[in-house]
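Data block below; observations after.
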Amino acid sequence: MTMQFETAAGLTRGLNTHIARDIARKILSGELASGAILPSEIELGEQFGVSRTALREALKLLTSKGLLESRPKIGTRVKDRAQWNMLDPQLLEWMQGMEATEEIYQQFLEFRKAIEPHATALAAVNASKEQRIELSRIYRQMCQVAEQFDQAQWVEIDTQFHRMIFISSGNCFYVPFGNVLTTIFKWFFEYSSKEGGMCLQEHKLIYEAIMAGDEGAAYSASLGLMKGHKHRLGG
């Protein structure tokens, strides 16, 4: 099977990024399977309409994200999925608009269960006055959106709510998740709220526990939210 890539001829900026994005999306979608060998640099250069220098920069970028590896006498090969850097911000950005599978959402939910309850418990203890004020603003807006459900508005405010939890944790290793995972949070909430599921009561319990400084209640409320049936996912 001949793999076709989108030509980059005519672009004056970001050639290597354009090429890397096209190849990455084919890998992430499964069109280029793990273990697949990419066409030679000459073939790829002709398909993209670019120099070997630009192509090599793109392949180097993808290698740094764990998607590709080059081996003498073999060529450039797609690495196993377990080696992909799924928390790379640029990789998450490139995934935007792709049709995700139930399996991806389930795996993300399991990942959240492992880290978000802890972050929520920390937020109950460590959130500053300013962060609690901001969380209150976000929660009030959630309540307003819930009165006349609009999926796009709910996804946006729900993402802000969970991002604020990570930021308020006061833990330098948790804080980046609030920023890096914004894109995938939105995909997840778009999927889980398709049938109007907002889990407003569950969000209320989280909010009240954080505002009360109740670490245990915050942990339980966060975990309870992710076990809720309204996620449309098992577990």
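The values are calculated or read from the model by the stated rules, or taken from the named source; none is laboratory data. Keep in mind it's a predicted model, so treat the numbers as computed, not measured. Please note: Cβ atoms are built from the backbone with ideal geometry, for glycine as well, and neighbour counts cover all protein chains shown.
What the table shows:
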| read-out | value |
| --- | --- |
| Qualifying residues in segment 92-114 (those that are surrounded by 15 or more Cβ atoms within 10 Å (Cβ to Cβ) and out of contact with any helix residue (DSSP H, G or I) (no Cβ under 7 Å at 6 or more places or on another chain)) - the one nearest to residue 204 (Cα to Cα) | 111 |
| Among the residues listed as 160, 153, the single one being surrounded by 13 or more Cβ atoms within 10 Å (Cβ to Cβ), under 16 Å from the mean Cα position of the chain (by Cα), part of a helix (DSSP H, G or I) and outside the structural domain of residue 86 (by TED's automatic domain parsing) | 160 |
| Failed item in (1) modelled with pLDDT of 95 or more; (2) more than 28 Å from the chain's Cα centre (by Cα), with residue 66 passing the rest | (2) |
| Hits in segment 24-57 (condition: under 14 Å from residue 94 (Cβ atoms) and in contact (Cβ under 8 Å) with a residue 40 or more places away in the chain) | 24, 25, 27, 28, 29, 32 |
| Residue count, segment 22-63 (criterion: over 25 Å from residue 98 (Cα atoms) and either under 25 Å from the mean Cα position of the chain (by Cα) or in the same structural domain as residue 184 (by TED's automatic domain parsing) (or both)) | 0 |
| Answer from 61, 32, 55, 28 - the residue that is surrounded by 15 or more Cβ atoms within 10 Å (Cβ to Cβ), at pLDDT below 90 and not hydroxyl-bearing (Ser, Thr, Tyr) | 28 |
| Selection count where residues are surrounded by fewer than 20 Cβ atoms within 10 Å (Cβ to Cβ) and either in a helix (DSSP H, G or I) or touching a Cys at 6+ places or on another chain (Cβ under 7 Å) (or both), scope segment 115-137 | 12 |
| Hey, residue 114 closer than 19 Å to residue 221 by Cα and in contact (Cβ under 8 Å) with a residue 24 or more places away in the chain or not | no |
